[in-house]
1. Return yes when residue A:121 is open to solvent by less than 60 Å² (accessible area, probe 1.4 Å), β-branched (Val, Ile, Thr) and not in a loop (DSSP other than H, G, I, E, B) and no when it is not.
2. Scan the range B:67-79 for residues that are farther than 19 Å from residue B:121 by Cβ, at pLDDT 95 or above and open to solvent by less than 50 Å² (accessible area, probe 1.4 Å) and jot them down.
3. Applying the selection to the range B:62-83, what residues are out of contact with any strand residue (DSSP E or B) (no Cβ under 9 Å at 6 or more places or on another chain), within 13 Å of chain A (Cβ to nearest Cβ) and part of a helix (DSSP H, G or I)?
4. Just the residues that are in a strand (DSSP E or B) and in contact with a Gly (Cβ under 9 Å, 6 or more places away or on another chain), please, taken from the range A:134-158.
5. Determine, yes or no, whether residue B:49 is open to solvent by less than 50 Å² (accessible area, probe 1.4 Å) and either more than 23 Å from residue B:174 (Cα to Cα) or acidic (Asp, Glu) (or both).
6. Look through the range B:93-127, keep the residues that are more than 18 Å from residue B:41 (Cα to Cα) and under 16 Å from the mean Cα position of the chain (by Cα), and return whichever of them is farthest from the other protein chains (Cβ to nearest Cβ).
7. What about residue B:180, is it surrounded by 15 or more Cβ atoms within 10 Å (Cβ to Cβ), touching a residue at least 40 places away in the same chain (Cβ under 8 Å), within 15 Å of the chain's Cα centre (by Cα) and within 19 Å of residue B:25 (Cβ to Cβ)?
8. Look at the range A:87-105 and say how many of its residues are more than 10 Å from chain B (Cβ to nearest Cβ) and open to solvent by 40 Å² or more (accessible area, probe 1.4 Å).
Amino acid sequence: MSERYSFSLTTFSPSGKLVQIEYALAAVAAGAPSVGIKATNGVVIATEKKQKSVLYDEHSIHKVEPITKHIGMVYSGMGPDNRVLMRRARKLAQQYYLTYQEEIPTPQLVQRIANVMQEYTQSGGVRPFGVSLLIAGWDMDEDRPYLFQCDPSGAYFAWKATALGKNFVNGKTFLEKRYSEDIELEDAVHTAILTLKESFEGQMTEDNIEVGISNSSGFRRLTPAEVKDYLASIG
Amino acid sequence: MSIMSYNGGDVIAMMGKNCVAIACDRRFGIQAQTVSTDFDKIFEMGPKLFVGLPGLATDTQTVAQRLKFRLNLYTLRENRAMKPKTFMSVVSNLLYEKRFGPYFIEPVVAGLDPKTNEPFICSLDLIGCPMVTDDFVVSGTASEQMYGMCESLWQPDLGPDDLFETISQALMNAVDRDAVSGWSAKDYVIEADKVTIKTLKARMD
């Protein structure tokens with residue numbers, strides 16, 4: 001008596017597509033917008049965190065979360081699925097540290113997470129994750145920033161700047177115009193917030209967006225006060 | 001009969017100025033009987049990274065192979081050379097995995113950082129406890145003798161040629177006072193741009 005299917009629920013359609021993954025990507029595209037921008041001296045990731053009612057306690061739950069001292073993550077899509085991946089990512093990072101006594105390089109972490117996501121498209125009785133992840137990290141060895149996207153299919157991409165979730169096409173078009181190779185972190189944060197603003201309905205405050213930065217000092221989420229300062233300079 | 005002295009053998013590593021040296025004897029014996037005089041205990045893990053594995057000969061071979069396996073996969077996955085310090089952690093991890101049925105090896109690692117060429121030496125015990133030093137490390141059946149020789153002969157900031165002389169004398173005289181070690185020695189002097197390997201014909205007994 002088996003408690004799980006031995007066959008995968010993600011199967012090919014006649015046209016060669018894995019429909020479940022397409023649907024997962026649709027779930028991502030319906031999710032809250034998130035953006036990431038790589039600067040010369042760091043990476044910024046940000047997301048909209050709109051709550052449906054004023055009764056929500058906004059600052060108790062976070063969407064921008066650290067995975068290691070130097071790597072942080074944000075997502076677009078289903079929150080619960082993100083939590084599972086975050087736990088796995090943190091564990092994978094610590095396992096690496098246990099073996100090598102060295103912080104996991106961002107590309108290595110991304111490869112491992114993407115592998116996890118791929119497994120769920122080819123294992124029995126499970127469905128793909130309904131999130132796309134934006135992973136921002138600073139490599140201490142190479143002294144350089146990294147920005148990666150991980151998709152439900154298990155594919156991963158390295159970006160200079162990108163947007164996910166609702167209106168991501170407009171977001172990316174906006175970034176294409178605004179991005180330059182020598183952008184600095186301060187400007188990048190500014191630009192990230194502006195990109196979010198493009199698809200934001202209503203008033204953007206420090207309580208309904210979250211911003212994280214990764215640089216040589218490590219990864220950290222900006223405090224609401226810091227976000228407020230950036231918002232003030234936008235007007 | 002101690003397992004660690006069943007086959008016999010020794011390795012020393014020394015720190016020099018912008019260089020490291022690692023040396024081993026070449027005897028392979030089964031207790032009193034010498035079986036081979038070209039059994040090297042030092043293995044190249046990278047262009048500037050070497051590991052010495054004195055102890056039980058079967059474990060010398062197996063651990064060398066398993067370490068190379070892990071190192072190769074790391075290099076392919078991460079697309080970069082492994083730092084000596086990281087390699088030490090890999091060796092430690094491999095040995096501790098066998099905590100309650102260990103490999104009878106007490107390894108010595110010597111190398112230069114692939115990017116900065118900073119010299120690095122360390123030794124580990126058979127269950128993976130690492131010890132990093134900035135002068136010398138010794139391991140093997142003549143360890144007491146090697147400690148004595150190194151303590152007397154070693155000085156800081158020796159150049160490659162002086163380091164070669166020092167490590168050779170330290171190893172040769174130590175193994176001469178050990179029945180299950182000797183039968184010539186092999187020296188590796190590792191510098192930023194080259195590795196010099198010399199075989200020394202010592203007392204062939």
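The values are calculated or read from the model by the stated rules, or taken from the named source; none is laboratory data. In this text, all values refer to a predicted model and were calculated from it rather than measured experimentally. Every residue, glycine as well, gets a Cβ built from its backbone with ideal geometry; the counts of neighbours run over all protein chains shown. Only protein heavy atoms, including side chains, enter the accessible area calculation; ligands, DNA and RNA are left aside. Shrake-Rupley method; radii C 1.70, N 1.55, O 1.52, S 1.80 Å.
1. Considered against the rule, which asks whether it is open to solvent by less than 60 Å² (accessible area, probe 1.4 Å), β-branched (Val, Ile, Thr) and not in a loop (DSSP other than H, G, I, E, B), residue A:121 comes out as no.
2. B:74 - this is the single residue of the range B:67-79 that is farther than 19 Å from residue B:121 by Cβ, at pLDDT 95 or above and open to solvent by less than 50 Å² (accessible area, probe 1.4 Å).
3. Selection gives B:70, B:73, B:74, B:76, B:77, B:78.
4. To start, the set of residues in the range A:134-158 that are in a strand (DSSP E or B) comprises A:134-139, A:144-150, A:156-158.
Scanning the range A:134-158 gives A:134, A:135, A:136, A:137, A:138, A:145, A:146, A:147, A:148, A:149.
5. Working: open to solvent by less than 50 Å² (accessible area, probe 1.4 Å): yes; either more than 23 Å from residue B:174 (Cα to Cα) or acidic (Asp, Glu) (or both): yes.
Criteria met by residue B:49.
6. B:119
7. Considered against the rule, which asks whether it is surrounded by 15 or more Cβ atoms within 10 Å (Cβ to Cβ), touching a residue at least 40 places away in the same chain (Cβ under 8 Å), within 15 Å of the chain's Cα centre (by Cα) and within 19 Å of residue B:25 (Cβ to Cβ), residue B:180 comes out as no.
8. Adding up the residues that qualify gives 7.
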